Amino acid sequence: MTLQVFVGWDPREDIAWEVCRHSILSRTDQSEVTVTRLVQSELREQGLYTRPVDAKASTEFSLTRFLTPVLAGRRGNAIFVDCDFLFLADIRDVLKEVDPTKAVSVVKHDYNPPETIKMDGCAQHQYPRKNWSSFMVFNLEHPAVRALTKELVNSAHPS
C-alpha cells in the first residue's frame, strides 16, 4: 500500500517544503509514497477548510494538518509532517515504531522554549504537548481518527 505523506505548506516556507519533499522522495521508492503539500488556500477553495484566520497561528498549516485523515482516506496509515523536516532515511521506516492499536503516533517530548518570539516575529505561545503535532502518523482505520471529520476540524477549539 502506498504511504501518503502530507506536508504543511506556508508561502513563507516554500523552499523548506521543496527540501522536505525532495528528502522524502530521494530516500523512498517513489512507487511506495506520495507527498502532498497542504495549501490552506486550496483547502478553502475545495470547501475543506472554513475556519476563520487564526491570529495565533504562526503558519498557514497550524490547523490544516488535522485534515490529513480526511484527505488520506480510510485504509492504512498517513503521515503529516511540518515542512521544516529533513529526512535522512526512508520515511516508511518510522512505521516500524508505530503501535497499530493507537489512533495517532507522535514523538512525545517536553518542549518549553525560553524564547518569547519565534519565526517572522510571531509570538511564541507555551502550551502542553507543544510540537507533538509536527510529525504525526495517523492510523486511518482507528475509530478516533475516523471521528476527525472536516466538520470537527473546522469547529473544534484549536487546543
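Per residue, the accessible area of the chain comes to 58 Å², computed with a 1.4 Å probe over protein heavy atoms only. The Cα atoms of the range 17-62 define a convex hull whose projected area, averaged across directions, is 4.3 nm². For the chain, modelled as a GNM whose springs connect Cα atoms under 10 angstrom apart, the maximal fluctuation among Phe138, Phe87, Phe66 occurs at Phe87.
For Arg21, neighbours were defined as the other residues whose beta-carbon sits under 11 Å from its Cβ, and their charges (Lys and Arg +1, Asp and Glu -1) total -1. Using only alpha carbons, the chain has a radius of gyration to Kirkwood radius ratio (Rg to Rh) of 0.94. For the chain, a Gaussian network of Cα nodes joined below 10 Å ranks Asp14, Asp84, Asp99 by mean-square fluctuation, and the top entry is Asp99. Taken over the Cα atoms of the range 59-109, the convex hull encloses 117 Å³ per residue. The sum of -39500 (n - 2.57) across all DSSP H runs of n ≥ 4, divided by the residue count of the chain, sets its helix-only mean residue ellipticity at 222 nm to -5000 deg cm²/dmol. Residue-wise HN-Hα couplings along the range 77-83, as the Karplus relation 6.51 cos²θ - 1.76 cosθ + 1.60 with θ = phi - 60° gives them from phi, are 10, 9, 10, 10, 9, 4, 6 Hz; Gly and Pro carry x. Compactness ratio for the range 16-105: Cα radius of gyration over 2.2 N^0.38 Å (N = residue count) comes to 1.17. The accessible surface of the chain, taken with every protein chain in place and a 1.4 Å probe, is 53 percent carbon and sulfur.
The values are calculated or read from the model by the stated rules, or taken from the named source; none is laboratory data. This one's a predicted model, so the numbers in the text were calculated from it and none came from an experiment. Neighbour counts run over all protein chains shown; Cβ positions are idealised from the backbone, glycine included. Just so you know, the surface numbers come from the protein's heavy atoms only, side chains and all, with ligands and any DNA or RNA stripped out. Shrake-Rupley method; radii C 1.70, N 1.55, O 1.52, S 1.80 Å.
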